[in-house]
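Here's the structure we're looking at; comments come further down.
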Amino acid sequence: MPPALTIPVVWSDACLLHEPGGEVWIGLPDPGNEVPARAAVIRDELGAAGAPLVEAASHPDDALLAVHDADFVAYLRDAWELWNEAGYPDRHGQDRVVPYLFPHPGLLAGLEPEVPTALSARAGLYAFDTMTPIGRDTWRAARGAVDVALTAADLVLEGARVAYACTRPPGHHVTRSAFGGSCYLNSTAIAAQHLRNRGAGTVAILDVDAHQGNGAQAIFRDRADVLTGSVHVDPRAGWFPHFLGFEEESADANRNLPLEPGAGDAEWVAAVANLVRWAGGTDALVVALGVDAGVTDPTSPLEVTAHGFREGGRLLGSLGLPTVVVQEGGYDLDSLGVLVLAALEGIEEGGRS
Ligand code: SP5
Ligand code: ZN
């Protein structure tokens, strides 16, 4: 038997409640792959490795509202009820909130958008894609994921060196006031803000999800107290989020390291090493742990193996910082648990050496 994983795994059943029920891509219905089983598979794998499970505690909104605009948060909370009351499920057979029109900057030509009367149009006010539907329980799951991340941050503030937040739905694509990419609330950014609120002078968010961490980049771009770094597949090669994630966006407190499709362990681990060197000297670390860079993942062309995730984990752990790990993407149900376990074992090992 390998030694048990000692990193606490924070969990909430609320994370299972969100059922996207599919997505819309180029006008086509797509089954999507951000499914509840993702979180259950990870929890079971980590539990079998001996990790202690910790139930999430509910937290107030202060860190949430420091990261997201209040009107955006209120919209996400109320959107499905309003949609339901307005009759879209009964009259149109659509029980998910899905936008059809967006207040594109070119449409508004400098004017501020009003809040539209029709819910069908209001659905475009805060959404940036058609891939991220709001269902009956989406708010409860997304807010539950925030509590999971905040509980993990509390464990670290109370002295745990590392804590893992087994969150779903993911959050790293969400900006102050716009959501998409299967994400609703940016739990990773909220955890980083919480660490700042409770005394960490500087925090680094390092995002190893296969897709760029555009949300934290946008939220913390003008702040020197939270560094944001991301390694991801090159958006110029045709990958989400397409419009962002280029090396040239990098600034004092922001670093983007795009990788070519087909990049594997060597390139990916070298990019993680680069981010780790860059983030040294901060007081705390938040890892946005997507494992969709995995070789069998259907959503990215990166080819990282469990060995690579373990090596990357060792590097992240070697910083020796108080570390909150928050689950982001990763969609191959057969390898998801193994890859997360490898990354966490690496983080644990890296902290010992
Ligand atoms: C959190 C996270 O990993 N979000 C990634 C979202 C990327 N989704 C992009 C979807 C691209 C369209 N897929 C087309 C499928 C056609 N069958
Ligand atoms: Zn991703």
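The values are calculated or read from the model by the stated rules, or taken from the named source; none is laboratory data. This is a predicted model, so every value here is computed, not measured. With ideal geometry, Cβ positions are generated from the backbone for all residues, glycine too; neighbour counts draw on all protein chains shown. For the accessible areas, the whole protein counts, side chains as well, though only heavy atoms, and no ligand, DNA or RNA atoms are used. Shrake-Rupley method; radii C 1.70, N 1.55, O 1.52, S 1.80 Å.
Listing for the model above:
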item: Stokes-Einstein D in µm²/s, Kirkwood radius over Cα pairs - the stretch 150-255 at 4 °C with 1.567 mPa s viscosity; result: 91
item: Cβ-based charge dipole, the stretch 263-353, positive-most Cα from Trp278, Val325, Ser335; result: Trp278
item: Pairwise label distance in nanometres, Asn274 with Asn197, each label 7 Å out on the Cα-Cβ vector; result: 3.4
item: Convex hull of Cα atoms in the chain, direction-averaged projection (nm²); result: 16.7
item: Relative packing of peptides 266-273, 107-114, 4-11, 183-190 - highest average C-beta neighbours within 10 Å first; result: 183-190, 4-11, 266-273, 107-114
item: The stretch 182-324 - percent of accessible surface contributed by carbon and sulfur, probe 1.4 Å; result: 53
item: Whether the stretch 6-86 is rounded, prolate or oblate, judged on the alpha carbon gyration tensor where a/c under 1.5 counts as rounded; result: oblate
item: Whether the stretch 61-161 is rounded, prolate or oblate, judged on the alpha carbon gyration tensor where a/c under 1.5 counts as rounded; result: oblate
item: Label-point separation in nm, Asp61 to His307, each point 7 Å along Cα→Cβ; result: 5.0
item: Sequence of Arg143, Arg277 when ordered by accessible area, the most exposed leading, probe 1.4 angstrom; result: Arg277, Arg143
item: Nearest 10 degrees, 0 to 90: helix 336-352 Cα axis against the chain principal axis; result: 40
item: Nearest-0.05 FRET efficiency for Glu112 and Arg352, computed from C-beta distance (R0 56 Å); result: 0.55
item: Dipole moment magnitude, nearest 20 debye, the stretch 182-245 about Cα centre, only Lys, Arg, Asp, Glu C-beta charged; result: 160
item: Helix 70-85 axis, angle to the chain major axis (alpha carbon atoms, nearest 10°); result: 50
item: Cα-based shape type of the stretch 238-284, given that a ≥ b ≥ c are square roots of the gyration tensor eigenvalues and the cut on a/c is 1.5; result: oblate
item: Under the Karplus curve 6.51 cos²θ - 1.76 cosθ + 1.60, θ = phi - 60°, whole-Hz ³J(HN,Hα) for the stretch 263-270, x wherever Gly or Pro sits; result: 4, x, 3, 4, 5, 5, 5, 4
item: Simple spin-label estimate for Ala224 and Ile26 in nanometres, 7 Å along Cα-Cβ; result: 4.7
